[in-house]
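To keep things clear, I will list the structure first and then write my remarks on it.
Read-outs: derived from the displayed coordinates by stated rules, not from any lab. Model, not experiment: these values are computed from the prediction. When we count neighbours, we look across all protein chains shown, and the Cβ atoms used for this are built from the backbone with ideal geometry, even at glycine.
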Ligand SMILES: Cc1ncc(COP(=O)(O)O)c(C=O)c1O
């Protein structure tokens, strides 16, 4: 058994007497004890609001919350003042979509494979212009140049697809978009816990992810904004906590990032995220990335030979994939979601089944749902063998 498994209380539980095999980290990661303890410590030792209290508990809460912002910044090579706490990645996209003050004939370019969270917010405020995907659902990255027009106001894409697990050439996209004067937003939801990320190296203008896919609590999201870009972002949410001055005829917002954090934030969640980040940094993102690549390669190797299986992105080299493998498996009178349920009920193997918030990808690939197995640092080869063996029996 992988040593890291012991750090996650959830992974110790059983379903109907069988130990669980958790292969659903792309949906959300289990939380290690250090994160659970950090959340508990906030409630038992601090428990006060942030940026408001003048007493010692308020000071302790504020210090712990701001320390978490430092941890996030250190993880992705940003400045703490470039990190906005939101509710989730979805809210980070909405904040930028609303903040850029787009009009419905402005264009936002992104691949047809994007998650709904990096699709719907643009659809509400502008015209989506899609980069096509190939038969394996991988974006035709070279199309970007021809999709950019005078009306393009933003280019956005997932660093790693939540459906095919392929790592996108984000630096090349930033270069192409910037050459045309267009800013770029990166969806790091599926990459931030698998790969080292340096926003300055990528050169992106905005980047979003959720704490809960990085071993942290749910209800916390991150929006990185390159410092100069704050000027182009209108206020999204207003209220307490973001005001520097308010009178009946004039109001002044606090400086960024606080001006985008109206209302009491998810303090315990941010502190828990800080603990999660300290954990992954102490393991080392390079080590995690190598493990992810190896498990990704094994997933494809084991699942591709299943009779009738269509594995998405299977022909992409292992160094361009993470530990995520999505396939459709023909089993008479069963949907892909039925198969996922059967794996859980009969084998305590937990995977995703359905459309993974990517309907357009599935329509374009003519897939009526898919089965997704996603592994992480606590998984090992035995977990993948268990999954492959259960699916072999089924087909
Ligand atoms: C690639 C990608 N983007 C965005 C999201 C949205 O994350 P959240 O629901 O935490 O806002 C997800 C979550 O599944 C995702 O996989």
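A few remarks follow.
- Springs join every pair of Cα atoms under 10 Å in this Gaussian network model of the chain, and among 261, 297, 14 the largest mean-square fluctuation is at 14.
- Residue of 248, 66, 45 that the Gaussian network model of the chain assigns the largest fluctuation, springs spanning Cα pairs under 10 Å: 248
- Tilt relative to the chain, helix 89-99 - C-alpha long axis, 0 to 90 degrees, to 10: 40 degrees
- Residues of segment 254-289 with amide N under 16 Å of the 7 Å Cα→Cβ point at residue 44: 272
- Modelled FRET efficiency - R0 41 Å, residue 175 with residue 290, Cβ distances, 0.05 increments: 0.95
- FRET efficiency for the pair residue 14 and residue 34, taken as 1/(1 + (r/R0)^6) with r the Cβ-Cβ distance and R0 = 22 Å, rounds to 0.45.
- Using a Förster distance of 45 Å, the FRET efficiency for residue 104-residue 54 (Cβ separation, nearest 0.05): 0.45
- Estimated [θ] at 222 nm from DSSP helical runs (n ≥ 4, -39500 (n - 2.57)) normalised by residues in the chain, nearest 500: -10000 deg cm²/dmol
- Prolate/oblate/rounded call for the chain, Cα gyration tensor, a/c under 1.5 rounded: oblate
- Mean separation of Cα pairs under 8 Å and 6 or more residues apart, divided by the residue count, gives the chain a relative contact order of 22 percent.
- GNM top mover of 104, 75, 377 - the chain, alpha-carbon springs below 10 Å: 104
- Label-point separation, residue 6 to residue 245 (7 Å along Cα→Cβ), nm: 5.9 nm
- Spin-label pair residue 297/residue 135, simplified geometry with 7 Å Cα→Cβ offset, distance in nm: 2.6 nm
- Proxy reagent accessibility, fewest Cβ within 10 Å first, across 324, 195: 195, 324
- If both residues of a DSSP beta bridge must be in the chain, then about 60% of such bridges are antiparallel.
- Cα Rg over Rh - segment 1-92, Kirkwood: 1.07
- Largest to smallest principal axis extent of the C-alpha atoms in segment 319-395, angstrom: 34, 33, 17
- Going from the residue with the fewest nearby Cβ atoms within 10 Å to the one with the most, 27, 333, 61 rank 333, 27, 61.
- Taking the number of Cβ atoms within 10 Å of each Cβ as an exposure proxy, the fewest-first ranking of 210, 71 is 71, 210.
- Legend: Rg and Dmax of segment 215-344, from Cα coordinates, 22.9, 70 Å.
- If you wrap the Cα atoms of segment 106-221 in a convex hull and average its projected area over all directions, you get 7.0 nm².
- Per-selection Kirkwood Rh - segment 156-275 (Cα, Å, 1 d.p.): 16.0 Å
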